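The values are calculated or read from the model by the stated rules, or taken from the named source; none is laboratory data. It should be emphasised that the depicted structure is a prediction, and the values quoted were computed from it without experimental measurement. Counting neighbours? That spans all protein chains shown, and the Cβs are built from the backbone with ideal geometry, glycine included. The area values use the complete protein model at the heavy-atom level, side chains included, leaving out ligands, DNA and RNA. Shrake-Rupley method; radii C 1.70, N 1.55, O 1.52, S 1.80 Å.
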Amino acid sequence: MRVQPKVIIHGGAGSSLQGKGGLESVRHSLHTIVEGVYSLLLSGATASEAVLQGCKMLEDNPRFNAGTGSVLQSDGQIRMSASLMNGASGRFSGVINVSRVKNPIELAQFLQSSPDRVLSDYGAAELARELQIPSYNALTDLRLQEWIQERQDNFKSTMAGVVAEPELAPSSNAGRGTIGVVVLDTYGCVAAGTSTGGKGFERIGRVSDSAMPAGNYASSYAGVSCTGIGEDIIDECLAAKIVVRVNDGMLLKDAMQRSFTEASQNHRDLGAIALDATGVISWGKTSQVLLAAYHNGEAIGDTLEWNDGQLVGYC
Ligand code: GLY
């Protein structure tokens, strides 16, 4: 029996979203990608296939801090992390701190069927070489300018401004970037994918939440992708916590509310998108802004101007 597909995606979270032209162009990017992923699902794509394609579209958009447009680390290099979890098979796979590939999520997808499912820098580079993936430079002028500015300021910021347009990043701490996609396919299966360039200006070897179950997790009941400060997401073990609560019988909206109440009490700076196998879509943030958009089977909506003081929303 076919079910109504659902999709929610995000392009990061942050502390400000200024400039109407900027807001509208972020909205246009997110809505176009949501529409593309939803069409794939309608045409029978599996949840994992739709997540892969959605993450690639977000990685390829230089506005977002993943793939092309990734932020630079303290040594001026780009190292990216991505993961994919197929809720039906219960398999998590990912790459940590990989360089010189266009779409880290493709490596994560390949590793779904590997006995070794999470590879870090050297191993991920070896895999890209074995798969004959062409070398790719993900650097954009904006990210280079940000890094040069920070170098001149002696790396005062602890992370980069990662909502990629200047009018959206008026200060160097305007956003916390990551991208993510969570879907329910027409076969009733859930999958989640997350990809990031990291915090920006971090120490070499720092590991992001995006390629951990803390930042990306799915089961046959629910899927979650997180964004925000990776250390905060790891401390909350946010994605896995929400999914396990749903697995154990809690409604998704209650699992989100409880998990975000805890995150707020612990003064975390993060956001997440989620959906469950019954078709409920949800989002949450302790940060001021969450760049998320969704298709609920009837229409596209987004959270760009969501500011009602609640920690969690759903539809
Ligand atoms: N959430 C992305 C990172 O902190 O690396």
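Which of 114, 183, 307 sits closest to the plus end of the dipole of the chain, meaning its Cα is farthest towards the positive end, when Lys and Arg get +1 and Asp and Glu get -1 on the C-beta?
The listed residue farthest towards the positive side: 114.
Taking 24 Å as the cut-off for C-alpha to C-alpha distance, list the pairs among 6/199; 56/241; 253/285 that go past it.
In this structure, 6/199; 56/241 exceed 24 Å between Cα atoms.
Considering all projection directions equally, how large on average is the shadow of the alpha-carbon convex hull of region 168-263, in square nanometres?
Averaging across all directions leaves 7.2 nm² for the Cα convex hull.
Taking only the alpha-carbon positions of region 1-132 and ignoring solvent, what does the Debye formula give for the base-10 log of I(q)/I(0) at q = 0.11 Å⁻¹?
Relative scattering, expressed as log10 I(q)/I(0), comes to -0.45.
What do you reckon, how do 179, 96 stack up by accessible area (1.4 Å probe), largest on top?
Highest to lowest solvent-accessible surface, that is 96, 179.
Label region 231-315 by shape, choosing from rounded, prolate and oblate, from the square roots a ≥ b ≥ c of the eigenvalues of the Cα gyration tensor; if a/c is under 1.5 it is rounded, and otherwise prolate applies when a/b is larger than b/c, oblate when it is not.
The shape class here is oblate.
How large is the Rg to Rh ratio of the chain when both quantities use alpha carbon positions and Rh follows Kirkwood? Display every interim value, and only then the final one.
Working: Rg = 17.5 Å, Rh = 18.6 Å.
Rg/Rh for the chain comes to 0.94.
For a protection proxy built on the mean count of beta-carbon atoms within 10 angstrom, sort 247-258, 83-94 highest first, please.
Result, highest mean first: 83-94, 247-258.
Largest first, what is the accessible-area ranking of 38, 187, 122 with a 1.4 Å probe? Intermediate values should be presented prior to the final figure.
Numbers: 38 15, 187 110, 122 165 Å².
Reading off the accessible areas and sorting them downward yields 122, 187, 38.
Once every DSSP H run of n ≥ 4 in the chain is given -39500 (n - 2.57) and the sum is divided by its residues, what mean residue ellipticity at 222 nm do you get, rounded to the nearest 500 deg cm²/dmol?
Counting only the DSSP helices, I get -9500 deg cm²/dmol.
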